[in-house]
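The values are calculated or read from the model by the stated rules, or taken from the named source; none is laboratory data. What you see is a predicted model; the values in this text were computed from it and never measured. As a convention, Cβ positions derive from the backbone with ideal geometry for all residues, glycine included, and neighbour counts pool all protein chains shown. These accessible areas exclude ligands, DNA and RNA; they are computed on the full protein's heavy atoms, side chains included. Shrake-Rupley method; radii C 1.70, N 1.55, O 1.52, S 1.80 Å.
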Amino acid sequence: MKQIFAKTVALVCAVMLVLVMFVGCGEGIKPCEHEYVNGVCTKCEKVCTHEAYDNGVCTECNIVCKHKTYANGICAECGRVCTHQAYVNGVCTVCKIVCEHEMYENGACAECGTPCPHEKYEDGKCVTCGAEEYIEPEKPEPHYDYAPHLSEKLPRIDITSETFLEDATRYVPSYDNDNPANNIDWQYHTCTVTVSECEEEYALSEIAAGVKVRGNWTTTYPKKPFRIKFDKKQSMLGLNDGAKCKSWVLLADYKDISLERNSVAFYLGQQIFGSDGYYCSDYRQVELYLNGQYWGVYLLAEQQQVNENRIAITEPDDIEKGYQGTDIGYFIEFDGYYNLEAYSERFSCNYNYLDQNSWSSSPLTLRNGYTVYPNQFGFTIKSDVYFDEGNEANCAQKHFIKNYTWNLYKLCYEAVYNHIYYQFNEGHTALVPYTPVTGNPVEETVSKVIDIRSLVDTYIMNEIVCDFDIEWSSFLMDVDFGPNAKDNLLRFEAPWDFDSAFGLRYACENATGLYAANKNNPWLLIFINEDWFWNQVKEKWQEMNEANVQADALQYLKALEEMYSTEYYTDRNFAKWGFVINGESTWEIQQFKGHGDAAKHLYNWLRTRFSYLDSVWNS
């Protein structure tokens, strides 16, 4: 059996040898054509040796190199150079090579994004990346030295005009916020102005001027507010250190039966804003006579306008007559009445950081944690802008400030809510990335575009007075791009219109709780939850306490009552106009029987308000 098996094996081997020899004499055996899947031939199961690569792909089996091992940024297997697509702290996450930071853009390595350490500055710029040195804004030395204009007798202003009395007494049934064509277009009437019963140096006699009714809803009241425009610049009763200006206003304070809200608000404004070098209207209570007829107690104040003694920014005519370039100053108002203004003098900002043309705004977080969406988009341009006649729609100055306002808000919103940082390009027409150089990137970024101290003052002012209109209008700001501008910071100043404040309406009527921090004004809310901003508010409040601002404001109210309450307010003003309580007032105020009740309520409300804010900001 074994012999048979051996013979069979031998025979098979011989046959195979013959076949090999026969084939070898012809074409031979074809090598496998290797169809690879994942580096293994599906025909002969040969494993590819990956001996040659092209751009990280094996030239034989087309498998992509896994680049598991790198040496100096080069794959040890295929020789491909690492693309360094992701870095952490300047180290490539793939090959571990350290970035050499050969080029910087906007203060960060253009390749790996690592911020420049800014170890050395020369001529105000980093020697490594060229970034401008950040210098923390200097805090002004505060000067709480404002003294209100008080005199034993109220000064007398006489306005004499042949035609004005008809407008002054005109019945206006309502005011249309949406259609300006339905409202009266008040015009100036020629008049003369005389000032008497005052300090001798302030007396005026028949100075040529124009006078008109001013205001929005206040024009519907029988006692109307007025604006005086002198033919030549003129000082008035020593206001603003005797500054000479053409335009002045007379506020009627008709719905404020204390007659003291605007007065004490301007007193606070002079102390809060004025102490830091910002503008706030000066003021003085007077008695007004029209064509010899007694017209009541009015508050003489300054017109909110661009002027070297008021909002001191560059006007187009400062550069050349009718100048249309955009490198000028802009004085603008957050204004719900903006649609009543000329097309070239109004614009809107939607507060949507992603899309300037969206109909919706981006959410903001109140101090109490709730969310709101800004819904008052309007702005009025209160400074002069120019355009070619018949080409109002293409007013370059209007379009510039509109675009700037949106971009600035986007810059602030991105910094606060998304921790993405920008700065303006040289022309202030667009945003470019910015890499902060300090440990407080939000404050650093926004301080390059906003005068933060002015916003702190504005917030404190509005948190004190609890103005019902804070979400709607009379919220003013300015910025200057003129050739001689001291900076290009957006500045908040010129506080205005407080006859609905201090608990008159249903707005913080009990004088406690945070008010402005929880109202839908985007400019007050954008930083309201930032610790650095809140700390600056506390510092300013404590500084005011040390200067006795709060205590002096209460004393000022007492002085008004002692000097003017009986003779001027009750016996004269209310004798003419009656003790009429506006229907907007709270139920408590509507129960008052006379001026004394109203004055006492205002005093107690403000004292309670100060006490509450002490509990918040003195801790």
Give the Rg/Rh ratio for segment 224-279, taking Rg as the radius of gyration of the Cα atoms and Rh as the Kirkwood radius, to two decimals. 1.02
Under the classification rounded if a/c is under 1.5, otherwise prolate if a/b is larger than b/c and oblate if not, where does segment 495-558 fall, given a ≥ b ≥ c as square roots of the Cα gyration tensor eigenvalues? oblate
At the level of C-alpha centres, the distance separating segment 559-597 and segment 42-105, in angstrom, is 86
Quick check on segment 197-301: take the gyration tensor over C-alpha atoms, sort the square-rooted eigenvalues as a ≥ b ≥ c, and tell me if it's rounded (a/c under 1.5), prolate or oblate. oblate
Of the beta bridges DSSP finds with both residues in the chain, what % are antiparallel, to the nearest 5? 90
Against the empirical 2.2 N^0.38 Å scaling, what ratio does the C-alpha Rg of segment 66-182 come to? 2.60
Would you mind calculating the relative contact order of the chain from Cα pairs under 8 angstrom and at least 6 residues apart, reporting the percent as a whole number? 11
What fraction, in whole percent, of alpha-carbon pairs in segment 166-253 exceed 17 Å separation? 55
Where labels lie 7 Å past Cα in the beta-carbon direction, separation of residue 33 and residue 229 in nm: 9.4
Counting other C-beta atoms within 10 Å, and keeping those with at most 16, which DSSP coil GluC sites (Glu not before Pro) do you find in segment 366-435? 389, 426
Multiply the residue gap between residue 133 and residue 530 by 0.36 nm, knock off their C-alpha separation, and tell me the result in nm, one decimal place. 140.6 nm
Pop out the carbon and sulfur fraction of the accessible area of the chain as a percent, whole number, probe 1.4 Å. 48
Step by step: find N for segment 432-578, compute 2.2 N^0.38 Å, then divide the Cα radius of gyration by it. What's the final number? 1.31
How are the Cα pair distances of segment 315-364 distributed, in percent, across 5 Å bins from 0? 4, 17, 16, 18, 20, 13, 7, 4, 1
Hydrodynamic radius by Kirkwood, which averages 1/r over all alpha carbon pairs of the chain, in angstrom: 29.5
With Rg and the Kirkwood Rh both taken from Cα atoms, where does Rg over Rh land for segment 461-541? 1.02
Relative contact order in percent for segment 107-221 (Cα pairs under 8 Å, 6+ apart) equals 20
All-pairs Cα distance distribution in segment 496-605, expressed in whole percent, bin size 10 Å: 11, 32, 33, 18, 5, 0
Taking only Cα atoms of segment 542-599, the Rg to Rh ratio with Kirkwood Rh works out at 1.11
I'd like the GluC sites (Glu not before Pro) in segment 125-174 restricted to DSSP loop residues with at most 15 other Cβ atoms within 10 Å, sorted by number. 133, 138, 152, 162
With segment 154-204 reduced to its Cα atoms and the Debye formula applied, log10 I(q)/I(0) at q = 0.13, 0.14, 0.32 1/Å amounts to -0.51, -0.57, -1.17
Quick one: Cα centre-to-centre distance for segment 469-506 and segment 199-224, in angstrom? 23
So what is the accessible area of segment 219-333 per residue, in Å², with the probe set to 1.4 Å? 27
Starting from the Cα of residue 555, step 7 Å along the direction of its Cβ; do the same at residue 418; then give the gap between the two resulting points in nm. 5.2
Once you have a ≥ b ≥ c as the square roots of the Cα gyration tensor eigenvalues for segment 370-477, tell me rounded if a/c is under 1.5, and otherwise prolate or oblate according to whether a/b is larger than b/c. oblate
If you plug each phi of segment 196-211 into the Karplus form 6.51 cos²θ - 1.76 cosθ + 1.60 with θ = phi - 60°, what whole-Hz ³J(HN,Hα) values come out, in order, with x for Gly and Pro? 9, 6, 9, 4, 4, 5, 9, 5, 10, 9, 6, 7, 5, 7, x, 9
HN-Hα J in Hz across segment 484-496 - Karplus 6.51, -1.76, 1.60, θ = phi - 60°, x for Gly and Pro: 10, 5, 6, 6, 10, 8, 6, 10, 9, 7, 6, x, 7
Using a 7 Å offset from Cα along Cα-Cβ at residue 201, what residues in segment 233-256 end up with backbone N under 13 Å from the label point? 236-243
If R0 = 35 Å, then residue 98 and residue 354, at their Cβ-Cβ distance, give a FRET efficiency to the nearest 0.05 of 0.45
Please work out how much length the chain gains when fully extended from residue 488 to residue 147, using 0.36 nm per residue of separation minus the C-alpha to C-alpha distance, in nm with one decimal. 119.6 nm
Neighbour-limited loop hits for trypsin sites (Lys or Arg not before Pro), segment 520-619 (at most 14 other Cβ within 10 Å; DSSP other than H, G, I, E, B): 593
Cα principal axis extents for segment 416-485, largest first, Å: 39, 32, 19
Starting from a Cα-only point model with no solvent, please compute log10 I(q)/I(0) by Debye for segment 267-314 at q = 0.13, 0.14 1/Å. -0.43, -0.48
Over segment 287-333, what is the relative contact order in whole percent, taking alpha-carbon pairs under 8 Å and six or more residues apart? 23
Sequence order, segment 263-271: Karplus ³J(HN,Hα) from phi using 6.51 cos²θ - 1.76 cosθ + 1.60, θ = phi - 60°, Hz rounded, Gly and Pro as x, gives 4, 6, 5, 5, 4, 4, x, 4, 6
Check: C-alpha center segment 358-412 vs C-alpha center segment 112-132, spacing in Å is 34
Projected onto the charge dipole of segment 114-178 (unit charges on the beta-carbon of Lys, Arg, Asp and Glu, signs +1, +1, -1, -1), the Cα from 114, 148, 130 with the largest positive-side position is that of 148
What spacing in nm lies between the two simple spin-label points modelled at residue 165 and residue 217, each 7 Å away from Cα in the Cβ direction? 3.1
